[in-house]
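Structure record follows, encoded as structure tokens.
Laboratory data are not the source of any read-out in this text; all were calculated from the coordinates shown. Worth saying up front: this structure is predicted, and the values here are computed from it rather than measured. Quick reminder, even Gly has a Cβ in these numbers, built from the backbone with ideal geometry, and neighbours come from all protein chains shown.
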Amino acid sequence: MLNPGSRQPPGANTARDPRLAARLGWLVAAPLLLLAAMAYTGFDPRLLLDPATLATLGGFVGQFFPPSQQPDFLASLLRETVTTLAIASTGTLLAMLLGLPAALFTSRALDRDTLCGDAVSRPWRLLQHSLRALLVLLRGVPDLVWALLLVRAAGLGSLPGVLALGLAYGGMLGKVYAEILEAQPREPAAALATSGAGRLTIFGYALLPQAAHELISYSVYRWECAIRASAVMGFVGAGGLGLLLDTAIRMLDGGEVGALLLVFVLLVALTETVSRLARLAVESRRGGLLLAGGFLALQGAAFLWLWPQWQGNPFDVGGVLRFGGELLHPNLAPAFLLQVGHGMLETLAQSALGTALAFLGGALLALPASNRGPRWLRLPVRLLLNFLRGTPDLLWGAIAVLALSLGPAAGVLALALHTSGVLGRLFAQTLENLPPEPEQALLLSGAPPAARLAYGLLPQALPQWIAYSLYRWENNIRIAAMLGLVGAGGLGQQLYLALSLFQLHNAATLIVAMLLLSWGVEGLSRRLRRGLE
């Protein structure tokens, strides 16, 4: 019989998760939404097993081997590889020069009202909101669209590629740098703010020592992304390997495509090595100095390589302003807006379905790629992940169009393949960083490997996996908007047609649609991530 004094009020031990209903709702809604996306894009996984499709795709891929060894092509390949690295490095530097000051102005971690309760003037708050809106604009327009616009305005060459990366990645770095600063402990910054220190002093003495590792790590990661982005900017005339890739695809020269694929995989391996060394270097003062010196040397070499090209093709500021002025008058005709709405839905469905399929692909590849998987399988799976993410998304788009024909279904397949490589690597790193105690406890109890995975690893890793996937969805909405350049439907195909025909009023409407779509997905992703916390 229970002691009356020990009785609990009704429901005292039955506290419910306040987010349970929302989580169950998404659990039911997500598969239904993905099925709707599958129907809207016309993506049918069974087509990938169709003998005719496999024969066509196998014949095209078979042409990649052996890679081309023509001396003239190899000379062009070496030159454009160096140009790609130079564009990525200089573009990343420009992005940092834009993103870091923007973060210092907009981060709430430096606001005196947050740190010590001081009132903030209305003009300062207005300036912050304006800068945040500018960052949304910069990152909301995909880097390839920036390149496309700058090439149309100022001509061909590597300079539009550098500026495109600087603008798009500047918006991304400004946002992420601000979030990194806001994630640091507030006590040191609050102490300095209370003593009357300014924003720069608070940043330099309170936040930077804590956040330096994350800031550098994310900057190096963005440099990796910049290399992949600059590798395809030649598709729109912004220099680099993309020009060779576009020509090889148009000429159906499999040997040249094979050589380019090999270079892309090697570039991924290079960036991974540099990224790993950079993270190790940050751990010591001497390593930090070496990293800074290497960064400056790389930027100097990149500038010296690109400067002769820029001298021969000066940037026409007047042309950019005239072009930009014409873009300020969007086409708001109802019939055209209906077409744009269809393109937005197509792009949204592509990005969501491609990311969901990539989540499954990354999850399947993560364990064998991590140090928790079989040793004999680790290297081949890691090479597969390098190949998937090292191959540019536009090339995957071109291959998918060949396999599935023109349309949004090809975009879904391209996103799924490329993003599987990205998420597989991130998921594997998550597994490697998990504490070993839950898995060891199951091992000592005699649980089989499947049970150790299901009950020891996945419950810890799944929230981070979902968060990574949501972050990647934000990026994939921009990629999906560009896959139309190779015939994969969506807003990108409409924009490419509008710019090719110099229908700038239509192009302005489409760019606004891309911004709205990017902003909407970013907001939804942020809300979903908060729901995981």
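Brief remarks on what is shown
- Here the ratio of the Cα radius of gyration of the stretch 120-251 to 2.2 N^0.38 Å is 1.36.
- Neighbour counting of Cβ atoms within 10 Å sorts the residues 342, 129, 418, fewest neighbours leading, into 129, 342, 418.
- Per residue, the convex hull spanned by the alpha carbons of the stretch 193-250 comes to 94 Å³.
- Overall dimensions of the stretch 310-391, expressed as equivalent-ellipsoid semi-axes from the Cα gyration tensor (√(5λ), whole Å, largest first), are 44, 25, 7.
- Over the stretch 395-455: Rg over Rh, Cα atoms, Kirkwood Rh: 1.31
- Fully extended contour minus Cα-Cα distance, from residue 210 to residue 269, at 0.36 nm per residue: 18.3 nm
- Taking label points 7 Å from Cα along the Cα-to-Cβ direction, residue 55 and residue 526 give a separation of 5.2 nm.
- At an R0 of 45 angstrom, the distance between the Cβ atoms of residue 443 and residue 200 translates into a FRET efficiency of 0.30.
- Neighbour counting of Cβ atoms within 10 Å sorts the residues 253, 72, fewest neighbours leading, into 72, 253.
- Calculated on the Cα set of the stretch 116-169, radius of gyration then Dmax: 16.1, 52 Å.
- Calculated P(r) tail over 28 Å for the stretch 292-450, as whole % of Cα pairs: 56
- Scaling the Cα radius of gyration of the stretch 224-273 by the globular reference 2.2 N^0.38 Å produces a ratio of 1.12.
- Pairwise Cα separations in the chain fall into 20 Å bins from 0 onward with the following percentages, short to long: 19, 54, 24, 3, 0.
- Extended-chain gain in nm, criterion 0.36 nm per residue less alpha-carbon gap, residue 63 and residue 124: 16.0 nm
- The stretch 65-312: C-alpha pair distances exceeding 30 Å, %: 36
- Proxy reagent accessibility, fewest Cβ within 10 Å first, across 124, 465, 223: 124, 465, 223
- About the Cα centre, charge dipole magnitude for the stretch 65-312 (Lys/Arg +1, Asp/Glu -1 at Cβ), debye: 580
- Per the Debye calculation on the stretch 465-533 with a single equal scatterer at every Cα and no solvent contribution, log₁₀ I(q)/I(0) for q = 0.18, 0.29 Å⁻¹ amounts to -0.69, -1.17.
- Full-stretch length increase - residue 116, residue 322 - with 0.36 nm per residue and alpha-carbon distance subtracted: 69.5 nm
- For the stretch 385-529, diffusion coefficient by Stokes-Einstein and Kirkwood Rh (Cα), 4 °C, 1.567 mPa s, µm²/s: 74
- Taking a point 7 Å out from the Cα of residue 29 in the direction of its Cβ, the residues of the stretch 493-533 whose backbone N falls within less than 11 Å of it are 528.
- The stretch 358-437: mean projected area of Cα convex hull, nm²: 5.4
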